[in-house]
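These notes are about the structure you will find just below.
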Amino acid sequence: MPAFPGEPTAGFIPFSTIERDDCEMWQISLFTQLATHLDAPSHFVAGGRTVERVELDRCVGPATIVRAPGAKKLGVELFAPVADELRRTRRALVATGWDARFGTEDYFTAYPSMTAEAARFLVDAGVVFLGLDTPSPHRTDFRPLHEALFANEMVVAECLVGVSAIAASEVLVVALPLKLDGLDGSPVRAIAIEDAAFAPREDATHG
C-alpha cells in the first residue's frame, strides 16, 4: 500500500499460527488516510464531525459518474452538464483514470486538481458524497479545497480504483468507514453496483 509521501503505510505482524497455536491471527497497523479511504470533516476542520459521527446514509446510495478522462483540472465545466443528476443522486464519483498510475512516481504529485469553483458548485448542488480516483481534491491547496467541500459536511472518498471501468452513468455506491472514535477518517472497501434495481429510494424511511 504506497502511502502519501511522508505518511506511514500499513503493517502486518503475525500473532499466532495454526501449526503452533491452533488458530491464525494477525496484528494490523493502519493509517486513517491510507489507500482507498474516507475523509471526515475533522480531517481539516477544527471541531468538525469525526468519522464515527459521519451519517452512513451519505456513504450508501445512488451516485452519478462524472467522466473526466485525462483531465488536467476538475472544474465546473465537468460537473455542470450533469447538475440535474447530481442534485437528484447527491453523490458523485469522478472518473479521471488516475488510478491506473497507482504505484508510479507521479501518482501523488501530478494528479488533476479540483477548482474552488467546482467545490462550491458541488456544495450548492447538495452533494453529500464525493468519490475521487485521485489521492486528494488538490495537489497543493489541501486545506482550502477540503474546507470548501466540507461546507455542508460532505463525505470525501479518495484513492478509489476502477471508477473509469464502470459502464453505467449511475450506480449504487457503498463506501462505509470503520467506526473509529474521534478520528479524522478511515480506510474503506468501496463498491459500485451497476444494476439500477438495487438503487434505494432517497425518500425511503429507515427502520
> Looking at the P(r) of segment 18-118, how many percent of alpha-carbon pairs lie beyond 22 Å?
Replying inline: 52
> Volume per residue, Å³, of the convex hull around the alpha-carbon atoms of the chain?
Replying inline: 158
> Taking the DSSP beta bridges in segment 1-145 as the whole, what percent of them are antiparallel, to the nearest 5?
Replying inline: 35
> List the chymotrypsin sites (Phe, Trp or Tyr not before Pro) in segment 17-78 that DSSP assigns to loop (not H, G, I, E or B) and whose Cβ has at most 15 other Cβ atoms within 10 Å. Which are they?
Replying inline: none
>> How big is segment 88-173 along each principal axis, measuring the range of its Cα positions in Å and listing the largest first?
In response: 34, 32, 16
> Residue separation times 0.36 nm, minus the C-alpha to C-alpha distance between LEU180 and ALA110: what's the value?
Replying inline: 22.1 nm
> Separation between the SER29 and MET1 pseudo-spin-labels, each 7 Å from Cα along Cα→Cβ, expressed in nm?
Replying inline: 1.2
>> Please report the net charge: other residues with Cβ closer than 12 Å to the Cβ of LEU178, K and R +1, D and E -1.
In response: 0
>> Run the paramagnetic zone check for ASN152: 7 angstrom along Cα to Cβ, then residues of segment 77-99 with backbone nitrogen under 18 Å.
In response: 77-94
> Taking K and R as +1 and D and E as -1, what net charge do the other residues with C-beta under 11 Å from the C-beta of ALA95 add up to?
Replying inline: -1
>> Cut-off is 10 Å between beta-carbons; in what order do LEU145, LEU176 appear when sorted fewest neighbours first?
In response: LEU176, LEU145
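No lab work stands behind these numbers, since they all come straight from the coordinates. Keep in mind it's a predicted model, so treat the numbers as computed, not measured. Don't worry about glycine lacking a Cβ; one is built from the backbone with ideal geometry, like all the others, and counts go over all protein chains shown.
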